[in-house]
Every structure is written in structure tokens, then in C-alpha cells.
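One structure is given below, encoded as C-alpha cells.
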Amino acid sequence: MKVATIAISIVLSFTGSLHSAEVVEIPAEELRDKIRGGLLGQMLGNLNGLQHELRYNEKPGNVKEYNPGLPEGAWTDDDTDFEWVYIVEMQRQGEPMLSSSQIAHLWRERINRRIWCSNQYARQLMDLEIEPPLTGSVVLNPWAEFNISGQFLCETFGLIAPAMPQTASRIGLNYTSVAIEGEPAQTTQFFTTMIATAFVQSNIDRILDAGMAALDKDSEILEIAENVRQWHATNPDDWRATRRLIMERYARYGGSAMRDRNGYELNTAGTVAALLYGKGDFRETLRIAFNFGWDCDNTAATSGTIIGVTKGYRWMLSQGWPIVDRYRNTTRENMPKDETISSFADRLIDLAELVIIQNGGRRQASAAKPAFAIKIEPPEPIQHLASAKEIRSKLRTDLKDRIIKDLTTSESTNRARAAYLAVCLELNRDIQKSHPQEWSQAIKALQDQDRVMQVLFHHSAVPAAGPLRKKFVEAGIEAPKERKPLW
């Protein structure tokens, strides 16, 4: 790989500004190898990690040996199948940034089962025709403030933006913001940046430097990464000591409640620790990720993606691991019945070429080998943090007129949406006074939205849902008498 000296120094130090001459040249064959390696690493971490998922909470696991393999091929699971839906449509349209309405349409058509937590809640908000990123607002979705969707739905977006961490973050946030906001969105920037950087840097510390440079200076993710690095430096041969320190500092409910198991704090810390203790070794990195526990199939998938990029697909196949080239669709409607890991990777390769060219790079042929000249981007935060109060205030300003308009229509869904938004934004008392008859009709329309009521009252056992439910009860909404499955 040929890299301009000044460009690589900027990639390593993340200081200064870039100009159009600062590029990295990656042979096309090497780029394909790294993308395929990253995707295979993601699938191995995810699917080999399922047997350990949510099993080690208060205490770590005791996985002593790990041998990667997919002897029956891979299959769709939520760590890859959301991204698969997006990637197929992005490739079909030749557009990496699908619009909010296009994303919502894909969900209604293809993502209706085997979804949980914040994604499940977001899907029900779409029944009210609330579209992303509002579906992931911390004001409207009680899971959005902590859920790890910002991590486990982001990896392929780093793979299609090699050496372009800002672009990787921007694309990733376009899709992960369907279900999260705030600190979880910082994890999207953190991990997509690390994956994009792994195309030009194999040193784990330098990759972590890049990820941390992509975080808001006030982000808790930045503090988590700094602390885990310090604890690792203090206990370089004792990952259990570091896990204990993570638990002491970041577990809010002893590590076992849903808020901990599905939260960004413990899972981000576990991913960083797996990378540090794994020391660039694929098997060891994933073994450590499994042992750190919590939602560890997701943390293993993310760390597996990063190491998969640095190692490459050919190296992974050379290890003799039993891997069948199959990706079976077991979860997503109106998608191909069967894919292969290779064909999924080919979609990413096509999109990577598109993203490279859209961002000032080019494909170039030489007497030796075809290559891509990629404009290097320094890692920077694309999205900054805002408080829930600030978010609510902005949404009140942006949406009040729309709420009034929807309230006064005869369409039931519009009225239900108006009622939901008004209660969440604490506009309902004023609107009830000014439009009493319309408000009464809107409350009835919302009450009739059974799936929305189910997810609010019976499928959200998280702290933020309590105050939200109280607001709806005070506004005249009654909880459904019994809990029903949503898929």
C-alpha cells in the first residue's frame, strides 16, 4: 500500500487540516480483501457469540477456548440483518444516504419481527407515521437514551467508507438514528471511525485514538474509553480486574437489569477491553469479548469487524476454520431468501467504490494493479450532544404547528400521532384547552392504536418509560388490560 508520508502522519496524529493532495492509495484487491474480512469478522463475532449473549452479567464468563467457525453458514440476526436491508436498497438505488421516508418504508415492508427494545419501539412509532430520526428521539422513545443500536447496527457503514471516518459516521448516523440519540449515537461515531481507520492502520491503540477523536468532548463514551485504557495499562494481564472496575464504575443496576445489559456503557467498555486485551489476535479478541458478557454477541461482532479488516479475508480463510459461504434469511420479509457471505460482501464493495468516488476519490488503473485513491479524512465528531431539555424545546418549536394541523384533520392516524407527540412534548394541556373536542377525538384515536399502546405500557421495562407512561395516563390514556406479543 502506498501512502503519502504527510497523509499517514495525519491519520496517526489527527492534527492539522487535509487538502486534496493528501490521499491514500489502496490496491483494489486489498480493499476487497479487507471489506470481506470485516464482514466475516462481524458475522463470526455475532453468531459465535449468541451462545454467550446475556449469560454473563454480574460475573464474567469463563470461555477458555474459542475456535471460529460457521460450519452451516451464516444466517440473519439483528446484528447484521438491519444493515443487510439497508445495504441491498442502497446498492439498488446507487445512493448511500437513503431518505427518512425511504427508511421508514423499508421498515414497514421488511422489518416487522425479531426486533426488540428500541428498534421494536421505533417500529411501532412508524405505525403512527412518525419517521426517523424522530423514532429515535430520546423524547419520544424511552429506550433511545441508552440502547446499543448505535453500535450493533453500524459496522457495515464503516466498511463502505475506508479511510473516511467522517463519512462513515455520517452514513452510520443516518441509519442508527432510527432508534437512538445522544450517547448511543456517539457510539456510532466511535465504532464506524475505528472500522474506517482499520483500513490504513492495524495498531489497536492508534485505531482507538481515531475513535476517541470522533467523540464529542463531553461524551461519556470518551470517558469510558479513557478509563478502560487506563485500567488495561494498570492490569495488562488481568482482564477480570478491568471488568470488575467497569462494573463498579458503570453498572447502574448490578449489571443484570435490562438497562445495564442493553446499555451503551458496559457494552462499549467491553468492546474496548476486548480490543486491548486481544492485542490484534482475532480469536483472543472474540474470546475476551464473550467473557466480558452482557450483550456480548454485539460487542464481539464490532471488535470482530475491526480485527477482520486488519487481518483480511484471505488470512481468515487460511486458518482452516470451518466456514460455509451461506447467509440464510431467517428474519426479514421481502428480501432474498438466500444470500452468501461473499455476495453480501460484494454489495459492500460496490458501495465502497461509490462512496470513495462521491467523496473526491477515484479508481485508477496502473501497469501493475488497479487501485483506489481515497481522500483521507481526519476523525471528527459529526453529531454533538444535546440535553433532553434542549431536544424537547427544539421539537416543540418544530412540531407544534404540525401537531395542531394533524389534530384538526379527520384522519385517525394523524390525530393519534398528534396526541402522541403532544403528550411527549408536554403540549397537551394547552392544546386540550384550545381544541377540547379535537383533543378528545385524538386521545381516542391514540387509544385505538393497540400496538403503540402495547409497546408503551407492556414492552418497555426501562426507567425512562415510567415517567412517559405517567404523562399518558394523566392525559387520559388507559393501559391495555393484557400484554400481547408484537410479532
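The values are calculated or read from the model by the stated rules, or taken from the named source; none is laboratory data. Fair warning: this is a prediction, and the values are worked out from it, not measured in the lab. All Cβ positions, glycine included, derive from the backbone under ideal geometry; neighbour counts span all protein chains shown.
Annotation: of all residues in the stretch 175-216 being touching a Leu at 6+ places or on another chain (Cβ under 8 Å) and of a type in the set (Ser, Thr, Tyr), the one that is surrounded by the fewest Cβ atoms within 10 Å (Cβ to Cβ) is Tyr175. Looking at Glu426, Glu390, just one residue is over 30 Å from Glu89 (Cβ atoms) and outside any loop (DSSP other than H, G, I, E, B), and that residue is Glu390.
I'd like to check something: does the stretch 458-471 contain any residue that is buried (at least 17 other Cβ atoms within 10 Å of the Cβ) and more than 19 Å from Asn141 (Cα to Cα)? No, that holds for no residue. Among the criteria (1) closer than 30 Å to Asp218 by Cα; (2) surrounded by fewer than 18 Cβ atoms within 10 Å (Cβ to Cβ), the one Arg402 does not fulfil is (1).
Here are some residues: Trp107, Trp143. Which one is among the aromatic types (Phe, Trp, Tyr) and surrounded by fewer than 24 Cβ atoms within 10 Å (Cβ to Cβ)? Within the list Trp107, Trp143, the selection yields Trp107.
Of all residues in the stretch 430-455, those that are more than 25 Å from Ala144 (Cα to Cα) and not aliphatic (A, V, I, L, M) total 12.
Among the residues of the stretch 43-75, those that are exposed (fewer than 15 other Cβ atoms within 10 Å of the Cβ) and in a helix (DSSP H, G or I) comprise Leu50, Gln51. Across the stretch 76-117, what is the total count of residues that are outside any helix (DSSP H, G or I) and acidic (Asp, Glu)? Looking only at that region, the number is 4. Just the residues that are surrounded by 14 or more Cβ atoms within 10 Å (Cβ to Cβ), over 30 Å from Arg252 (Cβ atoms) and not polar (S, T, N, Q), please, taken from the stretch 430-457. Those that are surrounded by 14 or more Cβ atoms within 10 Å (Cβ to Cβ), over 30 Å from Arg252 (Cβ atoms) and not polar (S, T, N, Q): Ile431, His435, Glu438, Trp439, Ala442, Ile443, Lys444, Ala445, Leu446.
Any residue that is in a helix (DSSP H, G or I) and free of Cβ contacts under 8 Å to residues at least 24 places away in the same chain - is there at least one of those in the stretch 293-316? If you could, list the steps in order and put the result at the bottom.
Here is the first cut: in the stretch 293-316, the residues in a helix (DSSP H, G or I) are 296-311, 313-316.
Now narrow it down to the ones that are free of Cβ contacts under 8 Å to residues at least 24 places away in the same chain: none.
The answer is no; no qualifying residue exists.
Here's the yes/no breakdown for (1) of a type in the set (Ser, Thr, Tyr); (2) assigned to a helix (DSSP H, G or I); (3) without any contact (Cβ under 8 Å) to a residue 24 or more places away in the chain:
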{"site": "Asp350", "(1), (2), (3)": "no, yes, no"}
{"site": "Glu353", "(1), (2), (3)": "no, yes, yes"}
{"site": "Phe372", "(1), (2), (3)": "no, no, no"}
{"site": "Thr409", "(1), (2), (3)": "yes, no, yes"}
{"site": "Tyr420", "(1), (2), (3)": "yes, yes, no"}
{"site": "Lys433", "(1), (2), (3)": "no, yes, yes"}
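Selection of the stretch 58-70 for residues being touching a helix residue (DSSP H, G or I) at 6+ places or on another chain (Cβ under 6 Å) and either at pLDDT below 95 or more than 19 Å from Ser318 (Cβ to Cβ) (or both) yields Pro60, Gly61, Val63. In the stretch 405-421, the qualifying residues are those that are under 16 Å from Gln432 (Cβ atoms) and not basic (Lys, Arg), and the one that is farthest from the chain's Cα centre (by Cα) is Thr408.
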